[in-house]
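Note sheet for the following structure.
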Amino acid sequence: MNSYKFSDDVPDAIRQKAIACLEEWGCIGNNKVLDVYPLAGGANNVNLVVADGQKQWAVKLRDAGAEHFNNAALVDAIHGQVEASRLGVAPSIYAYSPAGDFISEFIVGETLRPAAIREKAYAAQMVEAMRKLHKADPGRRRFDVFEDVRVFLRGTEAVNGSLPEGFDECWMAAQALEAVFARSNPPMGFIHGDLVPQNFLMCEQGIKFVDFDYCGYSLTALDLAGATSQAEMTAEETANFLQLYDPDLDDGQRARVGILRFVNALREVSWAAMAEPRMSERATLLTGWSYKHHSDVNMVLAREFLAATPLDEVAARAAVVRHGALF
């Protein structure tokens with residue numbers, strides 16, 4: 001058995017779970033002295049770094065109430081990351097549990113934030129990695145952003161969370177647009193499903209994605225919507241990003257991404273309302289990031305879309321899918 005040296009900020013319950021998982025997996029080796037300390041990020045989960053003095057590993061441990069955070073089996077998310085790692089755009093996974101806990105390759109790199117994405121002109125590399133990912137085998141998992149909001153709203157109710165003023169009006173408008181995607185058959189593929197900036201890592205090999213909890217077969221436009229909105233891109237930056245992905249960018253694509261930016265913003269707000277009461281004292285957040293700020297930014301995005309957009313017009317444009325469109 002290995003010897004474990006935990007940092008003081010790792011709670012006893014997490015220590016016991018980490019030791020149990022690592023001993024069961026047995027992929028690090030035996031009779032080692034291992035340092036274990038929190039890894040920032042993963043506001044749904046507890047992330048840890050395990051180090052033996054020469055090598056590091058990343059460990060993700062699931063919250064006991066993880067059913068509120070997701071509407072699909074978490075093991076399917078692991079399979080998605082395995083497929084992405086095969087394509088060179090995600091860390092390798094070495095072992096996992098049926099509950100979705102896992103140990104993976106530790107990637108040394110820059111965890112991206114909105115300002116870094118814009119200032120360092122990472123758009124082309126982000127698009128290159130996304131296009132690789134979208135061609136992956138989707139497996140059996142499906143992802144529906146509208147259903148995800150409903151899952152989070154049920155979770156918010158379960159933890160007595162609160163939603164900001166104006167959310168209900170925006171959500172009613174979003175549901176009125178849901179049928180556009182069902183009837184127009186827009187492009188689908190394997191998507192990451194949660195492209196907030198901190199889920200992009202810039203390393204020596206290029207961009208890699210982490211946190212595949214919401215991956216699956218879905219609208220490719222959703223990843224573009226998530227990446228551009230959560231990086232807080234301007235309208236011009238968003239248009240440039242979309243055109244990098246598909247040089248033949250058209251009004252239907254712009255409309256679909258616009259709608260999905262709106263829906264994804266509501267998803268982020270409902271997620272934050274559910275996650276903060278459960279995870280604020282357990283997850284190790286990135287410096288400068290908070291659930292409230294995340295909710296506020298996305299609520300502003302949603303309100304601005306609703307105030308500026310004639311819904312019938314954007315729905316009509318979104319329903320037109322050009323032959324050969326990539327999203």
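Each reported figure results from applying straightforward, stated rules to the coordinates on display, with no laboratory input. The structure presented is a predicted model; accordingly, all values stated were derived computationally and were not measured. We place every Cβ from the backbone using ideal geometry, glycine too, and count neighbours over all the protein chains shown.
Charge dipole (Cα centre; +1 on Lys/Arg Cβ, -1 on Asp/Glu Cβ; no other charges) of the chain amounts to roughly 600 debye.
Among the GluC sites (Glu not before Pro) within the stretch 83-181, those in coil by DSSP and having at most 15 neighbouring Cβ atoms inside 10 Å are E165. Taking one quarter of the surface of the C-alpha convex hull of the stretch 93-228 gives a mean projected area of 10.6 nm². Could you tell me how far the Cα centroid of the stretch 118-180 sits from the Cα centroid of the stretch 1-32, in Å? When both Cα centres are located, 34 Å separates them.
Within the chain, the longest run free of trypsin sites (Lys or Arg not before Pro) that sit in a DSSP loop with at most 12 other Cβ atoms within 10 Å is 141-327. Within the chain, DSSP assigns beta bridges of which about 85% are antiparallel (rounded to the nearest 5).
Its alpha carbons give the stretch 286-327 an Rg and a Dmax of 15.9, 44 Å. Averaging Cα coordinates gives a centre for the stretch 184-216 and one for the stretch 241-262; these two points are 17 Å apart.
Computed from the Kirkwood radius of its Cα pairs, the Stokes-Einstein diffusion coefficient for the chain at 10 °C and 1.306 mPa s stands at 78 µm²/s. Positive end of the dipole of the chain (Cβ unit charges, origin at the Cα centre): among N264, W289, A51, the Cα lying farthest that way belongs to A51.
Stretching S290 away from D137 to a fully extended chain increases their span by 51.7 nm, per 0.36 nm per residue minus the current alpha-carbon distance. Size descriptor for the stretch 186-327, Kirkwood hydrodynamic radius: 16.1 Å (Cα pairs only, one decimal). A Cβ-based charge dipole, computed about the Cα centre of the stretch 1-140 with Lys and Arg at +1 and Asp and Glu at -1, lands at about 440 debye. Once the Cβ-Cβ distance of V159 and A13 is raised to the sixth power relative to R0 = 25 Å, the FRET efficiency obtained is 0.85. Look at the dipole of the stretch 127-191 built from charges on Cβ: of W171, G161, N185, the Cα furthest out on the positive end belongs to N185.
Here the spin labels are modelled as points 7 Å beyond Cα on the Cα-Cβ line, and at V33 and E237 they lie 4.6 nm apart.
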